[in-house]
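For reference, the structure discussed in these notes is given below.
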Amino acid sequence: MAWECDECGTRSTSPPCDECGSEVGEYTGFVWVCPDCGRQSAKNNPPCPRCGGMDLEQRRPDYSDIDAETAVPGYAQLAKPLLPFVLVVAVVVALFATGVVPLPEDLDVALNGPRVVDAPGSADEAGGLNLSDVESGILDRVDEYRAERGAGELSRDDSLADMATFANQREVAGDYDGGRVVGGLRDFSPDCQPAIFLLGSTDGGGATVDDFESESAAAGALFDVLVADIEGSSVLTDADDAHAVDVHVAPDGRIYAAYAVC
């Protein structure tokens, strides 16, 4: 029995064609088939070893059984047994992603970092003031303060800014309804050992964002609170690395600020 190429007619034992490399063709010749069970044999040698039948018939070979046994399963077929597991994982992920089921805190911190979720008030704008500009104004004043005392400017560090934001918003969440604290300051990994100072808009409190007509005025008031602290004043001149600040306005307009330096 041989395989005959449709392209060039060359016969070989199996595809591809020895002459032209084509894989299009068919097997020629005959086999002996048991009519009772369908078992094929190369020789007419009864009885049939499968069912014991004695009358074998000469036929063209049928390779459908061989094809079925040697066919490579597709991705869909391989994945089918795993489908229930995949569906369960997808449902669990969806529940965590939508917040229906909260992540365990350690896993939440590992995936998303320490933070305060939905801190009450505003971190961007309040009372017509851009709070980012207020923050920049405080840092500029610290650099000027240091320059007057012969110290250089401090770099502005994102890791310290994240720590200041967390400390500040955690304070707000503790004083007002709302806000979920995830993790703690211990979960940050700054490149230095920072000192963090929590500030009010004026010494003793009482002022709100509406008491300031500009970002510069608010920054000046918060800076005055910082340097009024003796320890804070010493830290400002002794620091030699980086600093950051976060300003947050509570729902009633009270200004919170946190300054981090190292």
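The values are calculated or read from the model by the stated rules, or taken from the named source; none is laboratory data. Small disclaimer: the values here were computed from a predicted structure and weren't measured. Cβ placement follows ideal geometry from the backbone for every residue including glycine, while neighbour counts extend to all protein chains displayed.
Is it the case that region 136-152 has a residue that's over 21 Å from D224 (Cβ atoms) and assigned by TED's automatic domain parsing to the domain that holds G183?
Checking region 136-152: at least one residue is over 21 Å from D224 (Cβ atoms) and assigned by TED's automatic domain parsing to the domain that holds G183.
Look at A151 and say whether it is part of a helix (DSSP H, G or I) and either on the phi < 0 side of the Ramachandran plot or at pLDDT 90 or above (or both).
Working: part of a helix (DSSP H, G or I): no; either on the phi < 0 side of the Ramachandran plot or at pLDDT 90 or above (or both): yes.
Answer is no for this residue.
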